[in-house]
Amino acid sequence: MAGSEPGGQDRRPPQSRSAWSPYEDPASPGGNDGTISFLSGASNFRMGDIHFNVNTRHGAAVTDDELMEGWALLVRNAAPNALYDSRARYDAPKCDEDTRVELTNELVEWMKDRDGPQRLMIMTGAAGAGKSALQQTIAEICGKGDILASSYFFSSTDGSRNTVNAFIPTMAYQLWRRDLDLRRWINGIVDAQPLIFSQSLQTQMDTLIVGPLRHFREMEANMNLDLDSLPYAILIDGLDECKGEDCQAELLAAIRHSLLADDLPFRIFIASRPEWAIRTALAPGGDLHALAYHIQLSDHYDATEDMRRYLRRRFQDIGLRIGNSQWFTEGNIDTLVRAGSGQFIYVATVFKYISERRASPVHRLKTVLNWTPHEGQAARPFETLDILYASILSAAKEAYEAVDTHSGRNFCLLFKIYHFAAAESLFLRQWSSFLLDTLTSVLGLEDDGAEILFSDLRSLVALERDGEGQLVLRHYHKSFPDFLNQRSRAKDLFVPQACVRAHLAKSCMQRIVECPLTFDSRT
């Protein structure tokens, strides 16, 4: 072995010796004295120039990484479930090979254009529009192309990745895990600042991401390190599923002030429902308005043909499995695609129900096509959709009623009234001039009361001004009104039409009492 002489004294310089040396007791097989021997009794062998480095802790051999307690602390604070290839996300939704082709190409080309003027791309879209499937697809492409620096998939139902707490440690782990020198640098930082993970997101980002990058940029000439060759794509999915609007805003601000600095190599792709934090940041005057390339998925990209191809391929696969290629028709697919109103989650939910291995796909397809819900019905083909709608509506109700200064306001009742007005339900057809702005006044809401009411529902409906400046309400999902109108689906969120009529009539009478008519006594 290099640096020693057989049977003689170890002549290596002290600085090259490890904490434990195998030369200390060649006769000992590793007894109670804590020494360890290897190749005991061997003869007639030759060894080349081998560097041997073993350390012990309490008598057991440990690796370099085990000695880096700071790095180990960072890993403990990370969220492995948030990675794009995490086992917790096994079989995560992604785009079929011939669906969303143009959009996927646009996203990939943007990501690869490192000289492009905007290094932040934000994609917003309605609930179920396919944002996560697109993110997963882009993550896999970037991973195969060795340009993926970090991915983080938030999930409101997974306690390990529904807050911002683990975001920076997880990002730092992915960025530096490949390079031992960078891991050692991070180890030193965390050893010196063990409370770093309880500090602000910007402090964490500057300390664990930006600082090491700039340090090694200064030293790259001496260390033969080319930072431009490091992976640079950062993907963040489901920011809206992170708890706390202020936390979402804090993360966006940290990205703005730290990762988008001119001398850093990152290109960042964020996907989210159009909730408050994202809307505020992208609005004129917002922190990200001039910095982000904004893709509005639900408004500008028609997924109808992709949905048709998706169902056709999967139905054909079922036909191969059951030995009957005629079990569905193109008319069936057209009906389902129209019902999906451009949102991928509808056809994905339908397919998941129909493809149940232990059930007849023919029977289940008929159930979906002819389904009319009633109390006690066992079949629930749209259960996934119902859970999605209920979670968004419940969160919006909780947020609205928590800050409403008028006690007794019922969020679901008010929303249902607007819903009926927009749909021109029977009792409103009698008043053709009944506009949403007028409705806001009749209900006794503030001038911006409608906007406040719908603030947390932007992933399901769009509240917009038409060409005449009047408020109009547009549903992204055709199936959402069906959910609202069926007690068996909406459950505790269901509001009967009789309650809607009664409340509207009461509000009209109250406005009349508050604003009595004035008559001219001479007439």
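The values are calculated or read from the model by the stated rules, or taken from the named source; none is laboratory data. What you see is a predicted model, and the numbers here were worked out from it, not measured in a lab. With ideal geometry, Cβ positions are generated from the backbone for all residues, glycine too; neighbour counts draw on all protein chains shown. Heads up: the accessible areas ignore ligands, DNA and RNA and are worked out on the full protein's heavy atoms, side chains in. Shrake-Rupley method; radii C 1.70, N 1.55, O 1.52, S 1.80 Å.
Observations
- Heavy atoms of Tyr476 accessible to a 1.4 Å probe, total area in Å² rounded to 10: 30 Å²
- Å² of accessible area per residue within segment 242-357, as computed with a 1.4 Å probe and no ligands counted: 46 Å²
- Structure note, pairs Lys416/Lys506; Lys112/Lys144; Lys416/Lys478; Lys397/Lys478: Cα-Cα distances above 18 angstrom occur for Lys397/Lys478.
- Of Ala339, Phe351, Leu369, farthest towards positive along the dipole that unit charges on Lys, Arg, Asp, Glu beta carbons give segment 303-378: Phe351
- Per-residue SASA entry for Asp448, accessible area with 1.4 Å probe, Å² rounded to 10: 80 Å²
- Separation in nanometres of the label points that stand 7 Å from Cα toward Cβ, at Ser160 and Leu369: 4.3 nm
- Given charges at beta-carbon only (K, R positive; D, E negative), |dipole| of segment 404-514 in Debye: 640 debye
- √(5λ) per eigenvalue of the Cα gyration tensor, segment 70-300, largest first, Å: 27, 20, 18
- Calculated P(r) of segment 404-514 - Cα pairs past 19 Å, %: 45 percent
- Within the shell of other residues whose beta carbon sits under 11 angstrom from the beta carbon of Tyr400, the net charge comes to -2, with Lys and Arg scored +1 and Asp and Glu -1.
- Amide H contacts under 5 Å for Val461, placed H, 5+ residues apart: Tyr476
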